[in-house]
Amino acid sequence: MFRHRLPLLTAALLLGLALTPGAGAQTITRDVRLIVPFAPGGTVDAVGRMLAEALTPRLGGRAVVVENRSGGGTFIAMQAVANAGPDGHTLSLATTTVLATTPVLPGMAAPLDTDQALLPVISLIRVPMVLVGRSDAPYRTLPELIAHGRANPGRLNIGNAGLGGQTHLLAARLGHAAGISMEQITYRGGMPALLDILSGNADLYFSLLPESLPFIRDGRLRAIAFVSPERNPALPDVPLVRETLPGFTGDAGYGLVMAAGTPAAWVDFWNAEVNRVMNTPAIRQRMERLLWVPVNGSTADYRQEIAQDRAVWGEVIRAAGIRAGG
């Protein structure tokens, strides 16, 4: 009897696999594009290259190729992934703030509807952010900066890495909460903004800590205050913005997205693969050295994170009267 049942069982298993929705759809048939929405050399670029390096050996001879598509407040990259087609071979890093705030930011003439054009895949990391300025500035602390700004209206400028993004919102929120007027300058990423401050052409920027820490430590940039909820052990003497402006917090979050219409099997595939590599001891140790806070989790977790950020930033946007143009 056993000899007769084995072929039937095998046939049933094969038939079940053939009928499983999306079965076989996750076969990688060519190199995978991983789009990075910022210029090379910064934190987000480093995240993309770390993922590409870790995922490539798992793809059966195919590679994950990093493609930097900076500018447009990250929307050049978002359009690239949205237009790539739903075949599972193109992903993009995305700022959680842009996904959360684009639909609720007045005056935001976005080239696409992020809710309709993109599918969240997985939340990757959160990164501490610190307000930095020129080392020769006449202010060292946030209260001194606020006093200087009020005494010199319109004389300060502050960088952002794209309208509607975290740095734009933090800059606008700071101006409103502190009662100071600052010109915003848009850059293609954090490193270009920092280089402008180092050269004396810009005053302030809400920087990702890994990008600015070397310059802070060697004295070329001044760390004014963190926007994290708690003080950072890397710079324990640097205070928090919320110690001067209560309730003012907001570290940066990054995740992966794909084009709308991509089959759920592909989203599940990439969520599982990225979770797998990001939970390896080597990657965890690397992220700790780089001062990144891992998030990971399910696609549903990432959708919830976006919804929570939208609720928080939506309230801030309304209270501060923030618009995409200011």
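Any read-out appearing in this document is the output of simple, stated calculations on the displayed coordinates, not a laboratory observation. Here the structure is a predicted model, which means the values were calculated and not measured. Cβ atoms come from the backbone with ideal geometry, glycine included; neighbour counts cover every protein chain shown.
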Practice problem: Just the number, please: percent antiparallel of the DSSP beta bridges in the stretch 129-243, rounded to the nearest 5. | Solution: 60
Quiz item: For the stretch 155-227, taking Cα atoms only, what is the radius of gyration to one decimal and the Dmax to the nearest whole Å?
Solution: 11.5, 32
Quiz prompt | Computed over the stretch 191-326, Cα set: Rg, Dmax in Å | solution = 18.1, 50
Quiz item: Can you give the % of DSSP beta bridges in the chain that are antiparallel, to the nearest 5?
Solution: 60
Practice problem: Quick one: which residues, 5+ away or cross-chain, put their amide H under 5 Å from the amide H of residue 295? H built at 1.01 Å from N. | Solution: 125, 126
Self-check item: chymotrypsin sites (Phe, Trp or Tyr not before Pro) within the stretch 213-300, DSSP loop, no more than 10 other Cβ atoms inside 10 Å
Solution: none
Practice problem: Over the chain, calculate the relative contact order: mean separation of alpha carbon pairs under 8 Å at least 6 apart, over the residue count, as a percent. | Solution: 26
Quiz item: Along its principal axes, what span do the Cα atoms of the chain show, with the longest given first and each in whole Å?
Solution: 91, 39, 31
Self-check item: Under 13 Å, Cβ to Cβ, from residue 215 - net charge with Lys/Arg +1 and Asp/Glu -1
Solution: +1
Practice problem: Would you list the membrane-span-like helices of the chain, meaning whole DSSP H runs whose alpha-carbon atoms span at least 20 Å along their axis and whose mean Kyte-Doolittle value is at least 0.0? | Solution: 2-19, 264-278
Practice problem: Using Cα centres only, tell me the gap between the stretch 237-313 and the stretch 133-172 in whole Å. | Solution: 27
Practice problem: Please compute P(r) over all alpha-carbon pairs of the stretch 51-170, binned at 5 Å starting from zero, and give each bin as a whole-number percent. | Solution: 2, 8, 15, 17, 15, 12, 11, 8, 6, 3, 2, 1, 0
Practice problem: Kindly rank 187-200, 52-65 from highest to lowest mean number of other beta carbons found within 10 Å of each residue. | Solution: 187-200, 52-65
